[in-house]
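S.K.: Please read through the structure below; I'll follow up with questions.
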Amino acid sequence: MLTSRETAVDYMMPLGLHHIFAWSHHYGPEPWTDIPGARPDWLPSYYHQAEARGIGFDRTDKGSNAVSQYFSPLREELGDVKTCPEKFLLWFHHVPWNYKMKSGRQFWDELCYKYDSGVQQVREYQKTWDKAVQYVDEKRFGHVQSRLKIQAQDAVWWKDACLLYFQTFSKLPVPYDIERPVHELDELMQSGKEQKNK
């Protein structure tokens, strides 16, 4: 479970996505949040900037120029979409949905696979933990097992919410070999509104 941080990044905010959590509690996804009167930089859309052509915040010299805060050669590495590490891609660049990634996939597909890999990794943690039953006392085993169940549910919640929402911009299908969503976008968006009104 040493990779749990990276797993959480993969099912929550992969490839440099950020600030797309729920307004009222920050534990779940809510990339669609729009609060009338809120500062733009408090809202997810300010950061993900998803639209029909692509997604991501342009911090290059053609955007906000935040990349200028870094010394050379890091400034040039981060400022070039071709050399920017993919884990920071959407932090520094607005990327077309069909941008070719190092894997050879288009960006949309890569995003889908990242979210799915986070879900699958949590399921692997559950299997690994279940094998430890004979080595751990019953109370501790049950406690960790219940936490991993919650994490698995949360991972699916994040994957479904983010992919279904960003799909409204990309208009591209989720790759056929990725686990199908179990949630509906409208229901997820409605539950977010109900949380805000509490």
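The values are calculated or read from the model by the stated rules, or taken from the named source; none is laboratory data. On a predicted model such as this, the values are computed, not experimentally measured, just so you know. For neighbour counting, all protein chains shown are included, and Cβ atoms are generated from backbone atoms with ideal geometry for every residue, glycine included.
S.K.: Out of segment 1-60, which residues are of a type in the set (S, T, N, Q) and more than 14 Å from Ala161 (Cα to Cα)? Can you show your working first?
M.R.: Residues of segment 1-60 of a type in the set (S, T, N, Q): 3-4, 7, 24, 33, 45, 49, 60.
Thr3, Ser4, Thr7, Ser24, Ser45, Gln49, Thr60, listed by residue number.
S.K.: Also: Being surrounded by 12 or more Cβ atoms within 10 Å (Cβ to Cβ) and among the polar types (S, T, N, Q) is the filter here; which residues of segment 104-144 pass it?
M.R.: Gln106, Ser117, Gln120, Gln121, Gln126
S.K.: Can I ask one more? Which pairs turn up if I take residues in segment 185-198 that are within 11 Å of Gly28 (Cα to Cα) and at pLDDT 80 or above and look for partners that are surrounded by 12 or more Cβ atoms within 10 Å (Cβ to Cβ) and of a type outside the set (Ser, Thr, Tyr) with beta carbon separation below 8 Å, at least 6 apart in sequence or on another chain?
M.R.: Leu188/Pro29; Leu188/Trp157; Leu188/Asp160; Leu188/Ala161; Leu188/Leu164
S.K.: Which of the residues belonging to segment 107-123 are hydrophobic (A, V, I, L, M, F, W, C) and within 13 Å of the chain's Cα centre (by Cα)? Break it down into steps so the answer makes sense when it comes.
M.R.: Our first condition is that a residue be hydrophobic (A, V, I, L, M, F, W, C); within segment 107-123, this holds for 107-108, 111-112, 119, 122.
Correct list: Trp108, Leu111, Cys112, Val119.
S.K.: Let me confirm something: among Val119, Val144, Val133, which residue is touching a Phe, Trp or Tyr at 6+ places or on another chain (Cβ under 7 Å), touching a residue at least 24 places away in the same chain (Cβ under 8 Å) and either aliphatic (A, V, I, L, M) or at positive phi (or both)?
M.R.: Numbers: Val144 fails: touching a residue at least 24 places away in the same chain (Cβ under 8 Å); Val133 fails: touching a residue at least 24 places away in the same chain (Cβ under 8 Å).
After ruling out the rest, the residue left standing is Val119.
S.K.: May I pose another question? Counting just the residues of segment 33-74 that are surrounded by 19 or more Cβ atoms within 10 Å (Cβ to Cβ) and of a type in the set (A, V, I, L, M, F, W, C), which one comes out farthest from Trp157 (Cα to Cα)?
M.R.: Here the answer is Val67.
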